[in-house]
Amino acid sequence: MNSDTELAPAVQSILEAARERSGGEGVVSVDARSLPDALADAEAAGRVPVIAEVKPTSPTADGTRDDDPVELAQAMVDGGATALSVLTEPTHFGGSPEALERIREAVDVPVLRKDFVLDEAGMDVVEADLLLLIARFVDDLERLVAAARERGFQPLVEVHDRDELETALAAGAEIIGVNNRDLGRLEVDLETFESVAPEVPDDVTLIAESGISSPEDVRRMREAGADALLVGSAIMDHGTDDSDVTENTRRLVEAESDAATETETT
Ligand SMILES: O=P(O)(O)OC[C@@H](O)[C@@H](O)c1c[nH]c2ccccc12
């Protein structure tokens, strides 16, 4: 692992909590729903592939949403989400493995487990279709990518710059997310994706993560090469408990349809 010193205090505290959490008992074995298949279905149906994130709160959120996570997840699928991302981190994001388990039972789309998995034991907590591995935070990415696949997970490797992209590719990652949020200052810059995307080989499934809040942002990331978009805050809308999650999802999913573009430009 790289040194923690250049990380924001909130991120250091997240990592400390992750190191203290224990792994599961036994080894998880998953029969995963394919993300590439789900993305292809969305494209065929003329929908922007949006991975909507159930994130009750976060160190940068305006508040906390206490709604039932299963209801939120269903509302996202109703709005056309192609897949879901579910935070299972309990101390800073209000997530839980139980919420993910219940959501995965309730929906048909692929579900990503969003957490700070640092070792193999950390994988054996709950079944999910995809598992996040953050390049910056793990020592032996190649081994963890293989370990995730052995369990049936599709590993999604998160990177923030070109060096991390090289590490991810060398580790055999086939699904890569570029996080627009910098973990040092916790600031978002969509140029991050734009600078890394051209270096990503075509056969990799490429996801733009964080800071996507409008149909315009969606189009900008798609033009830069995103196969899918991972969106949390703009859909959860943490400040308001009764914000319409279905509608928030739909306006991003429809960002490339003619009607959506026309309404905005007129
Ligand atoms: O809420 P946003 O800006 O739409 O971002 C979603 C997602 O990318 C973000 O929650 C995230 C990206 N990488 C992570 C790693 C752990 C926890 C959370 C994240």
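The values are calculated or read from the model by the stated rules, or taken from the named source; none is laboratory data. This one's a predicted model, so the numbers in the text were calculated from it and none came from an experiment. We place every Cβ from the backbone using ideal geometry, glycine too, and count neighbours over all the protein chains shown. Accessible surface areas use protein heavy atoms only, side chains included; no ligands, DNA or RNA. Shrake-Rupley method; radii C 1.70, N 1.55, O 1.52, S 1.80 Å.
Laid out as a table, the results:
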item	result
Test: residue in segment 116-124 that is in contact with a Ser or Thr (Cβ under 8 Å, 6 or more places away or on another chain), modelled with pLDDT of 95 or more, among the hydrophobic types (A, V, I, L, M, F, W, C) and within 14 Å of the ligand (Cβ to nearest atom)	no
Residue in segment 157-170 that is closer than 16 Å to Ala61 by Cα, crowded, with 23+ Cβ neighbours inside 10 Å, free of Cβ contacts under 8 Å to residues at least 60 places away in the same chain and among the small types (Gly, Ala, Ser) present	no
Any pair with Cβ under 7 angstrom, 6 or more apart, that starts in segment 219-236 at a residue that is farther than 14 Å from Arg181 by Cβ and ends at one that is open to solvent by 40 Å² or more (accessible area, probe 1.4 Å) and part of a helix (DSSP H, G or I)	Ala224/Glu194
Total residues in segment 214-232, condition crowded, with 16+ Cβ neighbours inside 10 Å, more than 7 Å from the ligand (Cβ to nearest atom) and part of a loop (DSSP other than H, G, I, E, B)	4
Yes/no for Leu35 being closer than 26 Å to Phe137 by Cα and open to solvent by less than 20 Å² (accessible area, probe 1.4 Å)	yes
Conditions (1) within 15 Å of the ligand (Cβ to nearest atom); (2) small (Gly, Ala, Ser); (3) within 30 Å of Ser257 (Cα to Cα); number of the one not met by Gly46	(1)
Leading residue by the ranking (nearest to the ligand (Cβ to nearest atom)) among those in segment 233-258 that are open to solvent by 10 Å² or more (accessible area, probe 1.4 Å) and closer than 30 Å to Asp202 by Cβ	Ser233
Filtered residues of segment 36-86 (kept if out of contact with any Gly (no Cβ under 9 Å at 6 or more places or on another chain), closer than 27 Å to Glu187 by Cα, assigned to a helix (DSSP H, G or I) and not hydrophobic (A, V, I, L, M, F, W, C))	none
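The rows are residues; the columns are (1) surrounded by fewer than 20 Cβ atoms within 10 Å (Cβ to Cβ); (2) away from the ligand (no atom under 14 Å from the Cβ); (3) closer than 21 Å to Arg250 by Cα.
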site	(1), (2), (3)
Val50	no, no, yes
Pro56	no, no, yes
Asp66	yes, yes, no
Ala83	no, no, yes
Phe93	no, no, no
Val109	no, yes, yes
